[in-house]
Amino acid sequence: MNNKFINIGIVAHVDAGKTSITELMLFKSGVIRSLGSVDKGTSQSDWLSVEKQIGISVRSASASFEWNNISINLIDTPGHIDFSSEVERTLRALDCAILVISAVEGVQAHTETLWRALRKIDIPTILFINKTDRLGADTEAIVSEIKNELTPHIICMQSIDNEGSSDVDILNTFSQKNINEEITEAIINNDEVLMEKYFNEESVSFNSLNSSLKDQIHKRQLFPLLFGSAKFNIGIDKLLEVITEFMPIANGDVLKPLSGIVFKVEHDKTIGRIASVRLFNGSLKNRENVLIATQNKEEKISQIRKLQGQKFEDIGELRAGDTAAICGLSCVRAGDVIGSYGGINENVSLNTALLTVKISPENDKDFSALVRAMNILTDEDPEIDLLWLKEERELHIKVMGLIQLEILESILLDRYELKIKFGKPTVIYKETPAALCYGYEEYTMPKPCWAVLKFKIEPGERASGIIYKSEVGVNDIAIRYQQEVERTIPLALRQGMHGWEVTDLKITLIGGEDHNIHSRAGDFAVATPMAIMNGLKDIGTKLLEPMLEFKVKATEYTLGKIISSLTLLRAEFGNPQIYEGNFTLEGIIPLASSMNYSIKLSSISSGKAKFSTKFSGYRECTLELGESTAFRGINPLDRAKYILKARKAIQ
Ligand SMILES: Nc1nc2c(ncn2[C@@H]2O[C@H](COP(=O)(O)OP(=O)(O)OP(=O)(O)O)[C@@H](O)[C@H]2O)c(=O)[nH]1
Ligand SMILES: [Mg+2]
């Protein structure tokens, strides 16, 4: 093993060919002896049985191999938007990425989302147009889509012939022998020294162009663009060459304070939790204690292991810049930060869980086993946000889409032999106060208790979340009680007048008092939800519904039918862009009305139209168009019952 590491992720929309490309790289580097296939369920990274069965990736999978004397840690990610939270965590672990685009499907809504995320975390990116062999491949159109929708700053390093057939031929256009004029100009454009030479008609060497290109790729001023076909093993050698030549070597420092990110948590029947960790700085050894910063807990590492070839080996130590699997951390959760936050990429959101669903065992006696299993699965994907209502014996989870439910069902069966059923998935609505209101509560009976609170509650801007401040002095309400109020507010807002989370509001504590004998911190935790709900009850709340940005691509003759079907679903859109007999239409549509639209569209267009969506935000909707949900637990408005229950919980 050497000390040069490249940590690269492969990201794309669903089915672009990420796993097939990964498999080829592992095969070429000698890590695997025979080439597996996603279609036969024999690829290295789609190893979960559910991935094999349905042929899509569900989890991120990391593999390491050597190329040109550099250790490459490659993370293959799932492309389906239902598994976006897995990709979000993986992005935090990367130094660079390959964004794959299909030569037939082109830039999809999810490709744009991924692109924006890569821009935000500011990592160098290779663009790889795959599936150039497929009938209908049109790389010229895709390159212009990339230029219009992602970035104009691309360096097309190859030319392509015979696309759309297995004889596709890809030639390199940037090499010592072949310095393309267009590429030269793109490089010198951002390089003053080279530009001056060029205009003085001095010769600009290939090496100086190459090193300037490398520098600009690192700074995200330019993006190398490559073609290939994973099906016919074309273009993968060039991809490997570009990775090792132009992607950054991890620059971690073992002497700096420890910092790392847990980008994945798996579960092994004998070993327990296995955390995939990217270490940015510092080092870790077997049997050392490690601080899980996000949970403020220390735990002992039992083993550090890495896939060497096809076997896991105990490597004993993990050093800055590298990734490995850490065993022994029994409470670790996916997304946890290890040590300190230094150097870790910021967290970006690719998608949001917009559906909620009740999950129950087919056989009631399995209820506690299901709770245990779901707790473990939530630690592997905290976005599931498990809500366990003990008394009602109900479990509710949040999911990004229906495919995620299908996968969850088969994981529970495979791993825990649990047969489960889901309730009807409901869109997650939110609520916001209808207007300014005041929430008051005098919780002074039955003694001992004393918490008097008065809040001003104002509607806030869309997507502003909860903004809280206090204007009450510490002489009226002691600081420790005020802290309890602040801690309780998000919990108090989890369910509003229609049962949904209340958001986009400003809450100001404007009055109240404690009592130097009777008050306890818990009294303020009990009083806060009552005061807030009292205010919301007076003025009422408005419903907010999740909206999706959508993009439809189809042939021109289906335009009329598609527009009328979308209008019926409350979609809003701009003018269609028409291009060579096809059109693209973009707009926004409520999630609630668009859930089955892909099926409808498929029948309108005989399966030819493409529909992609991404979350755009919440927007007001009427109660008639939306839905309420039952209040879970005891409503603070049911004052006597609520106080009784809350006091019991506190004791
Ligand atoms: N014709 C053609 N098919 C390809 C190519 N690359 C992959 N495929 C096929 O496309 C399908 C999807 O390939 P995967 O490698 O699973 O794609 P992926 O991007 O990993 O998919 P997800 O992880 O589910 O998002 C499979 O049926 C592959 O055989 C290619 O270059 N040409
Ligand atoms: Mg895959």
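Miscellaneous remarks
- Residue-averaged [θ]222 nm for the chain, counting only DSSP H segments that reach four residues, each worth -39500 (n - 2.57): -8500 deg cm²/dmol
- The chain: relative contact order in percent, alpha carbon pairs under 8 Å with at least 6 residues between: 10 percent
- The loop-placed GluC sites (Glu not before Pro) in the range 530-621, going by DSSP, that have at most 13 neighbouring Cβ atoms within 10 Å of their Cβ come out as E580.
- Modelled FRET efficiency - R0 30 Å, N296 with E394, Cβ distances, 0.05 increments: 0.50
- Pairs beyond 21 Å (Cα-Cα), from K120/K256; K300/K390; K365/K390: K120/K256; K300/K390
- Neighbour cut-off at most 11 other Cβ (10 Å), DSSP loop, trypsin sites (Lys or Arg not before Pro), the range 21-57: R33, K40
- Mean Cα-pair separation over length for the range 303-425, i.e. relative contact order, pairs under 8 Å, 6 or more apart, %: 26 percent
- Accessible surface computed residue by residue for the chain, with neighbouring protein chains in place and a 1.4 Å probe, gives 45 Å² per residue.
- Accessible area, probe 1.4 Å, largest first, for residues T426, T508: T426, T508
- Distance between the range 22-54 and the range 422-485 - C-alpha centres, whole angstrom: 52 Å
- Taken as entire DSSP H runs, the helices of the chain that both span 24 Å or more between Cα atoms along their own long axis and average 0.5 or more on the Kyte-Doolittle scale are 521-539.
- For the range 171-206, GluC sites (Glu not before Pro) are listed when DSSP marks them as loop and at most 16 other Cβ atoms sit within 10 Å of their Cβ; the list is E201, E202.
- With both residues required to sit in the chain, DSSP beta bridges show an antiparallel share near 75%.
- With every protein chain in place, the range 1-77: carbon and sulfur % of accessible area (1.4 Å): 48 percent
- Share of carbon and sulfur in the accessible heavy-atom surface of the range 338-379 [1.4 Å probe, %]: 46 percent
- Nearby lysines by direct alpha-carbon distance to K424 (threshold 17 angstrom, same-chain neighbours under 8 apart not counted): K358, K398
- The range 553-593 and the range 238-279: distance between their alpha carbon centers, rounded to Å: 42 Å
- Relative contact order for the range 1-150, counting Cα pairs under 8 Å that sit 6 or more residues apart, in percent: 28 percent
- Selection among L623, S302, W388 by position relative to the dipole of the chain gives W388 as farthest towards the positive end (Cβ unit charges, Cα centre).
The values are calculated or read from the model by the stated rules, or taken from the named source; none is laboratory data. A quick note: this is a predicted structure, and the numbers were derived from the prediction, not measured. Reconstructed Cβ throughout: ideal geometry from the backbone, glycine too, with neighbour counts over all protein chains shown. These accessible areas exclude ligands, DNA and RNA; they are computed on the full protein's heavy atoms, side chains included. Shrake-Rupley method; radii C 1.70, N 1.55, O 1.52, S 1.80 Å.
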